[in-house]
Amino acid sequence: MTQPILELRGLKVSIAEKPDIHIVKGIDLTIRPGEIHALMGPNGSGKSTLASTIAGSPMYVVDEGQIIYQGTDITAMSADERARKGIFLSFQYPTPIPGVTMVNLMRESLKARRGAEVPAREFLAELRATLNKLKMSEDMARRYVNDGFSGGEKKRAEILQMGLLKPDLAILDETDSGLDVDALRTVSEGVNALRRPDMGILIITHYERILNYIEPDFVHILFEGRIVKSGGFDLAKRIEHEGYDPILKELGITSTKVAEGAAR
Amino acid sequence: MATSTATYSETAASEAARGRGEPAWLVDARAEAARAFVATSMPSPALRPWKYTDVTALDVESFTPDAAFTPRVTGTAAAGGFAGSLVAALASHGEVVREHLGSVVPGTEGKFTAANAAQWREGVLVHAPRGQAFAAPVTVTVEGREGAIFPRILVVAEPASEVSIILRTSSPAAALLVAGVIEVVAQADSRVRLLIDTRWGADTREFTTLRAKIGRGADVQVGSIVLGGHIVKQTVEALMEGEGSTSTIRGVAVGDTEQHFDFVTLQELIGKKSSSEVEIKTALAGASRSVYYGVTRVEPTAIGASANQENRNLLLSPRAKADADPVLEILTNEVIRCGHGATVGPVDQDALFYLRSRGLDMRQSLVLLVTGFFQSVISGLDAPGLVEELESALREKLATAELE
């Protein structure tokens, strides 16, 4: 069997500044080359925390468990080292960086990813090829990073960077949020165009609608920091029709938050 | 240090001036300035512009004036104009020098300006005659050595003339005191550009006053990039006397180790519909410190004036420090716009994580963030070619700056 791209082993995560707040409470997950996994769950279930933790955000602390990437334990590795090894996080809210152009950022990040200078001509050729593949114009590349971008532009800019950096693991954090149907289709088609058989993709989403464009092999439901149910694409379809409540009820889960609230 | 104390006395200053064969009016001005120097105590931190730069322990007279100091001037003046030695100009352009030297910054108004007026040995006159534009920038190179130097620059832009000056300063690691005065007379409809590239050595203390009198419809733009020096205090003042006059003061500084930068700006709006912008940004590493005190004063006569001042400071290390104090004094109700903003803070952690998630290490990310932060100032500098050079100097400094 091929080596997994990503393995989460008993992962528990809390907030760096508030160590008492445990968000991820023990997750096991394995993503193999070529697989697309969708992590779904209601707001506050820990989806984005998990995405940021895999990418190495200093906002979170791994209390227990391991993150294994291509056979290496990266739990203690910095975000930039992880990125250079081929982990890419498409941000839910990409940060504006005024004064730094997309071209400048992409050139620096490609250089970092390859560990070598990228000649200007080669870089431009790759940038143009990626823009073409994603049906994007060069204007976007000349603008300041995420500065004054619409919601759709921000997400497309993320996918553009993903296309250029060719990650082995792409984590798409709520890439569908804030997009209208047309923008969602464009972005999804972009992801499909960039997909390679040797890469793994983790899609974090609240709604199933992006999954109609990027069909997952596995769907996991995250609830209060734990994966409470895993299944195939049909699980996402069920959530589309029924929402989360019937599934949670079936599993005998009641929200501790709700229970606490009721007790008051 | 008896000899140097004597150098700063009135008798010594006027004798030296006579000995150099200076005209009588200048000898008198030297004596007056030397008198003011002796009579004036060092500025105290009780004075607002000196609140965070305490020079009371600095003994100016312990720095021996460097008699051989000569700024280098390159560039060709427009027809009928002048760009070169101030001493030479006393002979060839005596009337221009006599009319304007000391007219913008009097030799009696402060300790350092008085020292400059009494002690300058060589300086620069840039004279743009009526209706003439210099084809290319004039470059003034100031290379300090040790002791004290008193760079004196006079810029006279006659009506409808245009001139651009690049001032580059440097010094070795030796102890050096710099008391500079730059006077700019921008007459009606003239355009003056002045870009200062400050790269003093590690033991240089600079106290410079730059003041521009700006006439009707004239435009003065000052840009200052400070990378070097131990203490650098630059006071940049725009007196917007003429109707519709405009000015822009831009500054960028990267501090490291124990560097101390102090920017003081004054935008005095006097003429109707005059307008003025100030934007100063610093990035501070190590235990470096930046101080900003900016005053926008809108006089009752400045109907329809507009002004803005901004000071942004990025702390790259937990030991770095910045104080920002913008002040507005608006004496008329009829201003179009008058704003100010000041911030001091560390690098945006979200932006930092964003860049690191793209594979850039801590330092690469910071360099990119700082160059982006400076972009709004740097892109406004009107000096193609030099801007790229300055950007790479900024990056080079950041590449080794203390981030802890």
For segment A:159-264, which strands (runs of 3 or more DSSP E) that fit wholly inside it have 1 or more residues that are of a type in the set (F, W, Y)?
-> A:218-223
Subset of segment B:332-352 [within 27 Å of the chain's Cα centre (by Cα) and away from chain A (no Cβ under 14 Å)] = B:R337, B:C338, B:G339, B:H340, B:G341, B:A342, B:V344, B:G345
Count of residues meeting criterion [on the phi > 0 side of the Ramachandran plot and surrounded by fewer than 20 Cβ atoms within 10 Å (Cβ to Cβ)] in segment A:45-73 | 3
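Restricting to segment A:40-93, count the residues that are within 15 Å of A:G200 (Cα to Cα) and either assigned to a loop (DSSP other than H, G, I, E, B) or within 12 Å of another protein chain (Cβ to nearest Cβ) (or both). Talk me through it step by step, then tell me what you get.
Quick first cut of segment A:40-93, residues within 15 Å of A:G200 (Cα to Cα) only: A:51, A:54-55, A:67-71, A:82-83, A:85-90.
Of the ones still in play, those that are also either assigned to a loop (DSSP other than H, G, I, E, B) or within 12 Å of another protein chain (Cβ to nearest Cβ) (or both) are A:51, A:54-55, A:70-71, A:82-83, A:85-90.
Number of matching residues: 13.
Do we find a residue being of a type outside the set (D, E) and closer than 19 Å to B:T204 by Cα anywhere in segment B:101-111? Steps first, answer last, please.
Within segment B:101-111, the subset of a type outside the set (D, E) is B:101-108, B:110-111.
In the following step, the residues that additionally are closer than 19 Å to B:T204 by Cα were identified as B:111.
Within segment B:101-111 (the criterion being of a type outside the set (D, E) and closer than 19 Å to B:T204 by Cα), the answer is yes, since at least one residue qualifies.
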For segment B:128-162, which residues satisfy the criterion of being of a type in the set (S, T, N, Q) and not in a loop (DSSP other than H, G, I, E, B)?
-> B:T139, B:T141
Find the residue count for segment B:270-286, including only residues that are farther than 29 Å from B:L314 by Cβ and of a type outside the set (D, E, K, R).
-> 3
Which condition number does B:E391 fail, the rest of (1) more than 8 Å from chain A (Cβ to nearest Cβ); (2) on the phi > 0 side of the Ramachandran plot being met?
-> (2)
Considering segment B:189-216, residues that are part of a loop (DSSP other than H, G, I, E, B) and closer than 23 Å to B:S276 by Cα, and then whichever is least open to solvent (accessible area, probe 1.4 Å), we arrive at B:S190
Of the conditions (1) surrounded by fewer than 23 Cβ atoms within 10 Å (Cβ to Cβ); (2) farther than 21 Å from B:T248 by Cα, the single one that B:S171 does not satisfy is (1)
Among (1) assigned to a helix (DSSP H, G or I); (2) open to solvent by less than 40 Å² (accessible area, probe 1.4 Å); (3) in contact with a Ser or Thr (Cβ under 9 Å, 6 or more places away or on another chain), A:N104 falls short only on (2)
Filter segment A:107-150 down to residues that are within 14 Å of another protein chain (Cβ to nearest Cβ) and aromatic (F, W, Y) and give me whichever is most open to solvent (accessible area, probe 1.4 Å).
-> A:Y144
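Quick one: in segment B:109-138, of everything that is open to solvent by 30 Å² or more (accessible area, probe 1.4 Å) and under 19 Å from the mean Cα position of the chain (by Cα), which residue is farthest from B:A33 (Cα to Cα)?
Taking the candidates together, the pick is B:P137.
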Restricting segment A:160-197 to residues that are closer than 17 Å to A:P216 by Cβ and touching a Gly at 6+ places or on another chain (Cβ under 6 Å), the residue that is nearest to the other protein chains (Cβ to nearest Cβ) | A:L169
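The values are calculated or read from the model by the stated rules, or taken from the named source; none is laboratory data. Every value quoted in this text rests on a predicted model; they were computed, and no experiment measured them. Backbone-built Cβ (ideal geometry, glycine too); neighbour counts: all protein chains shown. Side chains are part of the model used for accessible areas, which takes the heavy atoms of the whole protein and leaves out ligands, DNA and RNA. Shrake-Rupley method; radii C 1.70, N 1.55, O 1.52, S 1.80 Å.
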